[in-house]
Each structure stands twice: as C-alpha cells, then as structure tokens.
Amino acid sequence: MKLFMSKTFFRGVLIVNAIVILLPVLFLVNSSLRETNDFARTPLKLATDPAWSNFASVWQDGNFAIYLKNSILVTGGSLILILVCALGAGFVLGRYEFRGHSLIMAFVLSGMLVPAKLAILPLFIQLKWMHLLNSHLGLILVYAAGALPAAIFIMSGFFRSLPADLDNAARIDGASEFQLLRRVLMPLVRPGLAIVAIYSAIPIWNDFFLPLVFLQDPEKKTIMQGLTMFFGQYSSQWGVLFAGLTMAALPLIVLYLILSEQFIKGLTAGAVKG
Amino acid sequence: MKLSGIKREQRKFRWLLLSPGLLIIIIFTSVPALTTLSYAFFEWKGFVRGSWAGFTNFERLFTFPFRDQFFMAFRHNVLVFIGIMILQTSLGLLIAYALFNLQRGQRFFRTVTFLPVIFSLVIVGYMWQIILDPYYGPINLIVGELGQPTWARAWLGDTATALPTLVFINLWRWVGFPAIIFLAGLNAISTDYIEAARIDGASEGKIFRKILFPLLAPSMTIITILTFIGAFEWFDLPYILGGSNGSPAGATDTLALMFYRLSFGSVDSGANEVGVGSALGVIIFTVVGVGAAVGSKLLRRREVEM
C-alpha cells in the first residue's frame with residue numbers, strides 16, 4: 001500500500017501514460033517521412049533521411065486542398081453563426097428578467113438532450129425539401145443547431161456573473177441596449193466566447209458523420225470525410241497515407257500546444273460546473 | 001417615463017437577439033427530433049412516407065432478420081459500456097490522482113493526457129488500423145520481437161479480438177477526459193479535510209478511500225452518465241474501423257450502426273427500411289434517456305454535501 005501511494009509510483013504512472021499516448025503519434029509522424037518501400041521493410045526505424053515527397057504527393061493528388069478549404073469554410077461559418085446567436089441569446093437570458101424567461105431556458109436545456117444522430121433521417125428529408133442537402137449552408141445550420149443549446153447556456157452563465165451595476169451605470173450615461181452589449185459587456189465575456197468557440201469548433205472540424213450523410217459532391221467534402229476516400233485511394237502507399245493523416249491532424253495539434261488550457265476548459269465545458 | 005422607455009427598447013431588443021438562435025434550434029433540432037418519433041409509426045418506401053402502420057415497425061424489428069441483429073448489437077453496447085466504465089474510469093481516476101499529487105510538471109502531463117481527445121476519430125481510427133496491421137503494424141512486430149509470434153494476430157479482423165480492440169482504442173482516445181474531470185473534482189475538495197486527516201495520522205490510502213473518493217461522487221455521476229450515453233450511441237469508431245456492417249462478421253456491430261444501415265441502406269443491400277430504422281431510433285433514444293435520467297437520480301443520492 002505504501003508503494004502504491006508514493007510519489008515515485010504516481011510519477012511512474014504518468015510517465016507510462018505519456019509514453020502510451022505519445023508513441024503512436026510519434027510513429028505516425030515518423031512514418032509520414034519515410035518512403036513506402038523503406039517503411040514496408042522496417043516499419044519501426046527512425047526517418048533519418050526525411051522523405052518530404054510524401055507530403056508533396058498528398059498536396060498534389062489527394063484533393064486535399066479542396067477538402068481543407070471546405071472544412072475551414074464549414075467550421076468557420078458555423079462558428080460565426082454560433083458565436084453571434086449565443087452572444088445575443090446569452091445576453092438576453094443572462095441579463096433580462098421577463099415573462100417566459102424560465103420557459104425559454106428550459107427549452108434551451110432540453111435541446112442539449114437531443115442526440116443529433118437519431119434525428120438524422122427527418123433532418124435528411126427536411127434538408128432535401130429545403131434544398132439544403134449537399135450544401136455547406138445546410139451543414140452549417142445543422143452544426144449550429146447542435147452546438148447552440150450548450151453555447152447559449154454557457155454564455156448566459158457568463159453574462160449573469162457580471163455585476164448588475166454595470167448595466168445601470170451604462171444606461172445612466174445614455175448608452176442604448178446595443179451599446180451596452182457591444183461596448184461594456186462583450187469585452188467582459190470574452191473568456192466565455194473562447195470556451196464556446198472551442199467547445200463548438202473542435203467537434204465540427206473533427207466530424208465526419210454529418211458530411212457523410214449530407215454531402216455527396218466530391219468537391220464539397222470536408223477534410224475528415226475526404227480522409228476516408230483518400231484512405232481507400234492510397235491503401236498501398238503507406239508513406240502517403242501517413243503524410244495525409246499527419247497533415248489532417250497537425251493544425252489542431254499545433255493550436256492545442258499553444259492554447260492547451262483553453263482547449264481543456266472548452267472541451268470539458270459540458271461536464272464541469274461553473 | 002425614462003424607465004418605460006428602456007423597458008420598451010429592451011422588449012424589442014430581446015426578441016431581436018433571442019429569435020435567430022431559438023429559430024435555428026427549433027428548425028434543425030426540435031422539429032426533426034419530434035418527427036423522428038412519428039416516422040416509426042408509418043410505412044415507408046425508400047424515403048417516401050406511406051400509410052399509418054401502428055406498431056408494425058416495432059414488431060418487425062423484433063422478428064427475423066432484425067431481431068438477431070438487434071440483440072447482438074445491444075449486447076455489444078452493454079459490453080462496451082461495462083468495458084469503458086471499468087477501464088476508462090479507473091485509469092482516468094488513477095491518472096487524475098497522480099496529477100493531483102504532482103507538484104512540478106503537472107502542466108506537461110496534463111497536456112499530454114488530454115492530447116488524444118482533440119483528435120478526430122477518423123485520424124485515431126486509421127492510425128490504429130495501421131499500428132495494428134497484421135503484417136506491417138508495430139504491435140505484431142514487437143510481439144514477434146518478444147519471441148511470442150503466436151500472440152500476433154489480426155486484431156481488428158478476428159471476431160474474438162475486434163470488439164475489445166475497439167474498446168482499447170476508445171480508451172486511448174478518451175482517457176484524458178475523465179482524468180481532467182476527476183482532477184477538477186479533486187482540486188475542488190478543500191485541503192482542510194486532507195490536512196485534518198493527516199494530523200489525525202490517516203495514511204494516504206485511507207485519505208483517498210475515506211475522504212477523496214466519496215467527495216468525488218459528483219464527478220463520478222457525470223462520467224458514468226456521459227459514458228452511458230456515449231456507449232449506447234457508439235458509432236464513429238466502429239464505423240471507421242468495421243464499416244456499417246460491423247466487420248468482421250458483425251463482431252463490432254452496435255445499435256447506432258444498425259440504425260444507420262436501416263436508415264440509409266447497407267453496403268451489400270442498397271435498400272433501406274426507414275420505418276424499422278426509426279423504430280430502432282425511438283428505442284435507442286428511450287434507452288439513453290431513461291437510463292441517463294434514472295442513473296443520475298440514483299447516483300446523485302450517494303453524493304455527499306461538502
């Protein structure tokens with residue numbers, strides 16, 4: 001028992017855990033820099049002579065640039081829509097008292113309980129009817145609808161935590177409600193906006209299910225969906241496969257290393273109170 | 001006079017700000033969620049709705065050939081829930097407690113532990129598919145190097161190992177999540193309790209079992225509920241690694257995969273069964289909803305006030 005509670009034991013646990021997590025990632029990056037034949041002979045060797053050509057092939061033949069552009073468009077579009085709507089609704093629900101307030105709050109909370117995947121069929125038929133199937137706009141609206149309940153809930157919490165005197169002081173100074181939101185409160189809820197941004201953007205960027213169902217045109221596909229096609233296409237070219245996976249993973253890894261605190265806060269926002 | 005002016009402005013502003021968000025939720029979440037219920041009670045030809053069918057779709061789900069698929073998939077979901085609960089939760093708790101006890105370097109280990117959570121499951125799935133490749137994958141190579149070539153196998157292609165392997169990959173991807181939740185829970189516990197117990201001569205093991213673990217009950221509730229929901233809606237990883245049929249031979253089939261096949265048609269038969277699929281959707285939703293509600297009620301009862 002003494003050993004199991006010692007500092008050395010805990011340090012050991014963390015080191016083993018770090019190795020198990022990092023080794024596959026390092027293997028991926030390392031293999032992306034090796035020639036396919038070289039890899040097939042000795043899969044575990046270090047890439048001492050980096051084969052950058054793998055990355056060049058991904059960029060040239062894989063439709064990768066198009067997928068990447070589509071992902072940026074869809075994620076960015078959804079994010080702007082989510083932030084604008086959650087900022088407004090969060091402000092109203094966090095700062096105003098009015099009849100129906102708790103009813104709307106309950107509705108927003110109930111939206112968090114609906115598993116989007118199970119509504120996929122009616123959504124498919126509805127989007128078809130609205131001419132939003134096979135369109136980035138349709139995808140953006142569905143993503144926004146999925147993320148907004150939690151986003152509004154998080155933002156209203158941030159608005160509520162600000163002192164009430166701020167509003168009154170601004171109103172006495174003659175500020176309109178819009179100016180109050182834009183100039184006084186918005187700068188103060190920036191941490192909330194950052195959490196909402198990460199909470200919504202990461203799953204959207206990583207998602208492949210909704211594009212799989214809603215997008216058919218090859219030139220409209222997103223990066224994670226494109227990766228599944230890419231994988232079939234290059235199934236025998238290991239080096240190119242690894243390079244494709246690395247390129248798809250890299251943007252988020254870099255962002256995460258810069259903003260790890262915000263990422264952890266944002267992605268656990270649904271589970272931790274306050 | 002002034003006040004009512006503000007009130008009037010607020011009322012106008014209120015709906016201007018609330019309506020875009022609410023409308024998007026209503027049109028793209030509430031309406032489809034409610035219609036999905038109705039779909040289960042109609043006959044379907046492809047994506048075209050036919051006449052009222054009563055409970056026929058539910059009856060068909062529980063007769064051949066769907067019945068066997070349903071129970072096998074359901075069994076897999078239950079096994080996955082148990083597997084994740086045991087492995088992921090205990091390992092997450094261990095890592096959280098280790099991080100909690102660390103004075104220096106906590107930030108580094110925390111960042112590493114959470115890293116796989118940001119990865120897309122597409123990347124995670126393909127990465128592990130290559131790592132577990134029967135011929136070129138490092139796992140089988142290492143097993144061979146260790147002088148145990150009989151341990152090498154097609155981990156994802158063997159019906160005996162496919163599902164446990166998926167649970168392991170899920171563990172790699174997700175363990176940082178419970179770890180961070182438990183760490184937040186541990187950090188929220190007042191150090192006074194720990195100090196007082198130490199002064200009374202309690203061992204570290206006893207402090208963990210008698211003080212920290214009981215006070216972690218709220219975190220445990222959240223993790224259990226989220227794991228339950230995740231396990232019964234498990235789709236992405238089995239789809240990426242086993243396709244919509246749950247290869248090999250249905251060994252990785254889940255309720256969500258079956259729902260997808262019924263809704264959009266499977267690889268080997270293009271025909272879909274929207275009615276039966278929606279009936280299955282209603283059942284999954286009920287299992288998840290009732291399970292999560294009852295579970296959180298039961299689990300909350302054992303939470304203690306700090």
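Computed from the coordinates by the stated procedures, all read-outs in this text should not be read as laboratory data. It should be emphasised that the depicted structure is a prediction, and the values quoted were computed from it without experimental measurement. Here the Cβ is made from the backbone with ideal geometry for all residues, glycine too, and neighbour counts use every protein chain on show.
Return P(r) of the range B:203-306 (all Cα-Cα pairs; 5 Å bins starting at 0; whole %; ordered from short to long distances).
2, 12, 16, 15, 14, 10, 8, 8, 7, 4, 2, 1, 0
What residues qualify as long-range amide H neighbours of B:W44, i.e. H under 5 Å apart, gap of 5 or more or another chain, H built at 1.01 Å from N?
Those qualifying (amide H under 5 Å, at least 5 residues apart or on another chain) are B:G50, B:G275.
Which residues' amide hydrogens lie under 5 Å from the amide hydrogen of B:S120, considering only partners 5 or more residues apart or on another chain, with H built in the peptide plane?
Answer set, sorted by chain and number: none.
Using Cα pairs under 8 angstrom and six or more residues apart, how large is the relative contact order of chain A, in percent?
30
Which value in nm describes the separation of the simple spin-label points at A:D165 and B:K206, placed 7 Å from the Cα toward the beta carbon?
Placing both labels 7 Å beyond Cα along the Cβ direction yields 5.0 nm.
Is there a pair in A:K117/B:K45; A:K7/B:K210; A:K45/A:K69; B:K210/B:K297; A:K117/B:K7; A:K265/B:K297 whose C-alpha atoms are over 30 Å apart, and which pairs would that be?
Where the Cα-Cα span goes over 30 Å, the pairs concerned are A:K45/A:K69; A:K117/B:K7.
Given a Förster distance of 25 angstrom, what is the FRET efficiency for B:L91 paired with A:I19, based on the Cβ-Cβ distance and rounded to 0.05?
Given R0 = 25 Å and the Cβ-Cβ separation, E is 0.95.
Just for the Cα atoms in the protein assembly as shown, what are the lengths along the principal axes, largest first, rounded to whole Å?
So the extents along the principal axes, rounded to whole Å, are 87, 74, 50.
Starting with the fewest neighbours, write out B:I199, B:I86, A:I120, A:I21 ranked by other beta-carbon atoms found within 10 Å of each beta-carbon.
B:I199, B:I86, A:I21, A:I120
Putting +1 on Lys and Arg Cβ atoms and -1 on Asp and Glu Cβ atoms, find which of B:P238, B:V175, B:S203 reaches farthest to the positive end of the dipole of the range B:58-301.
Result: B:S203.
With +1 assigned to the C-beta of every Lys and Arg and -1 to the C-beta of every Asp and Glu, and no other charges, what is the dipole magnitude of the protein assembly as shown about the Cα centre in debye, to the nearest 20?
So the magnitude is around 1560 debye.
Using the 10 angstrom Cβ neighbour count as an exposure proxy, how do B:M220, A:M224 rank, fewest first?
B:M220, A:M224
Taking springs between alpha-carbon atoms closer than 10 angstrom, which of A:V184, A:V29, A:V196 fluctuates most in the Gaussian network model of chain A?
Of A:V184, A:V29, A:V196, the most mobile in the Gaussian network model is A:V184.
I'd like to know how chain A sits against the 2.2 N^0.38 Å rule of thumb: what's its Cα Rg over that expected value?
Compactness ratio reported: 1.26.
As a test of the definition: which semi-axes, in Å, follow for the range B:1-138 when you take the square root of five times each eigenvalue of its alpha carbon gyration tensor? Largest first, please.
Rounded to whole Å, the semi-axes are 41, 38, 16.
What is the Cα centroid distance between the range B:13-56 and the range B:71-133, reported in whole angstrom?
When both Cα centres are located, 35 Å separates them.
In peptide B:282-290, how many Cβ atoms from other protein chains are near each Cβ within 10 Å, on average?
Mean shielding count: 2.
State to the nearest 20 debye the size of the charge dipole of chain A about its Cα centre, where the only charges are +1 on K and R beta carbons and -1 on D and E beta carbons.
I would put it at about 620 debye.
If the elastic network links every pair of Cα atoms under 10 Å, which of A:W129, A:W59, A:W205 fluctuates the most in the Gaussian network model of chain A?
A:W129
Based on DSSP H runs of at least 4 residues, each adding -39500 (n - 2.57), what is the mean residue ellipticity at 222 nm of chain A after dividing by all its residues, to the nearest 500 deg cm²/dmol?
-22500 deg cm²/dmol
If you average the sequence gap of Cα pairs under 8 Å that are 6 or more apart and divide by the length of the range B:58-301, what percent do you get for the contact order?
The normalised contact order for the range B:58-301 reaches 25 percent.
Going by Cα centres, the range A:31-61 and the range A:162-181 are how many Å apart?
Computed from Cα coordinates, the inter-centre distance equals 60 Å.
How many partner chain Cβ atoms sit within 10 Å of a residue's Cβ in peptide A:139-145, on average, as a whole number?
Average neighbour count from other chains, rounded to a whole number: 4.
I'd like the Kirkwood hydrodynamic radius of the range A:125-178, using the inverse of the mean 1/r over distinct C-alpha pairs, in Å.
14.3
At a threshold of 8 angstrom on Cα-Cα distance, excluding pairs fewer than six apart, so keeping six or more, what relative contact order does the range B:51-190 reach in percent?
Reported relative contact order: 33 percent.
Just want the answer: with Cβ charges of +1 for Lys and Arg and -1 for Asp and Glu, which residue in A:L68, A:W205, A:V184 is farthest toward the dipole's positive end in the range A:63-233?
A:L68
At 20 °C and 1.002 mPa s, grab the translational diffusion coefficient of the range B:92-181 from Stokes-Einstein with a Kirkwood Rh over Cα pairs, rounded to a whole number in µm² per second.
My calculation gives 145 µm²/s for D.
For the charge dipole of the range B:58-301, defined by +1 on Lys and Arg C-beta atoms and -1 on Asp and Glu C-beta atoms about the Cα centroid, which residue among B:F58, B:I123, B:I95 has the Cα displaced farthest towards the positive pole?
Checking the options against the dipole of the range B:58-301, the answer is B:I95.
Regarding the range A:19-84, what is the average projected area of its C-alpha convex hull, in nm²?
Averaging across all directions leaves 6.7 nm² for the Cα convex hull.
Which order do the peptides A:66-72, B:173-179 take when ranked by the mean count of other beta-carbon atoms within 10 Å per residue, highest first?
B:173-179, A:66-72
Explain nothing, just the number: dipole magnitude of the range A:3-54 about its Cα centre with +1 on each Lys and Arg Cβ and -1 on each Asp and Glu Cβ, in debye rounded to the nearest 20.
Around 280 debye, computed over the range A:3-54.
Kindly rank A:76-84, A:251-259, B:189-197, A:135-143 from highest to lowest mean number of other beta carbons found within 10 Å of each residue.
Packing order, densest peptide first, comes out as A:135-143, A:76-84, A:251-259, B:189-197.
Would you tell me the mean number of C-beta atoms belonging to other protein chains that fall within 10 Å of each C-beta in A:13-20, as a whole number?
Partner Cβ neighbours, averaged per residue: 6.
Considering amide H positions built from the backbone, and no H for Pro or chain starts, which residues 5 or more places from A:D207, or on another chain, come under 5 Å of its amide H?
For A:D207, whose amide H was placed from the backbone, there are no distant partners under 5 Å.
Could you please tell me the mean projected area of the C-alpha convex hull for the range B:58-301, averaged over all directions and given in square nanometres to one decimal?
Taking the Cα atoms of the range B:58-301, their convex hull projects to 16.6 nm² on average.
A:N134 to A:S110: extension gain in nm, 0.36 nm per residue of separation minus the Cα-Cα distance?
This chain segment gains 5.8 nm when fully extended.
As an exercise, use a Förster radius of 30 Å and the Cβ-Cβ distance of B:R75 and A:D38 to find the FRET efficiency, rounded to the nearest 0.05.
0.10
Just to check, using Stokes-Einstein with a Kirkwood Rh over alpha carbon pairs, what's the diffusion coefficient of the range A:3-54 at 4 °C and 1.567 mPa s in µm²/s?
D = 100 µm²/s.
Among A:M247, B:M127, A:M105, which comes first, second and so on when ranked by fewest other beta-carbon atoms within 10 Å?
If I rank by nearby Cβ atoms, fewest first, I get A:M105, A:M247, B:M127.
Express in whole angstrom the spacing between the alpha-carbon centres of the range B:218-234 and the range A:213-258.
29
For the range A:23-131, just the Cα atoms, rotate onto the principal axes and tell me the three extents in Å, largest first.
Extents along the principal axes: 71, 35, 24 Å.
Based on the Cβ-Cβ distance from B:I189 to A:A271, what FRET efficiency comes out when R0 is 25 Å, to the nearest 0.05?
Efficiency computed from Cβ-Cβ geometry: 0.90.
In deg cm²/dmol, rounded to 500, what helix-only [θ] at 222 nm does chain B give when every DSSP H run of at least 4 residues adds -39500 (n - 2.57) and the total is split over its residues?
When only DSSP H runs of four or more count, the value is -20000 deg cm²/dmol.
Once the convex hull of the alpha carbons of the range A:148-266 is built, what does its volume come to per residue, in cubic angstrom?
140
Mind putting together the pair-distance distribution for the range B:115-165? All Cα pairs, 5 Å bins, whole percent per bin, short to long.
All Cα pairs, binned at 5 Å, distribute as 5, 20, 23, 23, 16, 9, 3, 0 percent.
Among A:A194, A:A150, A:A170, which one shows the highest mean-square fluctuation when chain A is modelled as a Gaussian network with alpha-carbon springs under 10 Å?
A:A170
Separation between the B:D68 and B:Q106 pseudo-spin-labels, each 7 Å from Cα along Cα→Cβ, expressed in nm?
That separation, rounded to one decimal, is 5.5 nm.
What percentages make up the Cα-Cα pair-distance distribution of the range B:134-251 when the bins are 10 Å wide from 0?
11, 27, 22, 20, 15, 4
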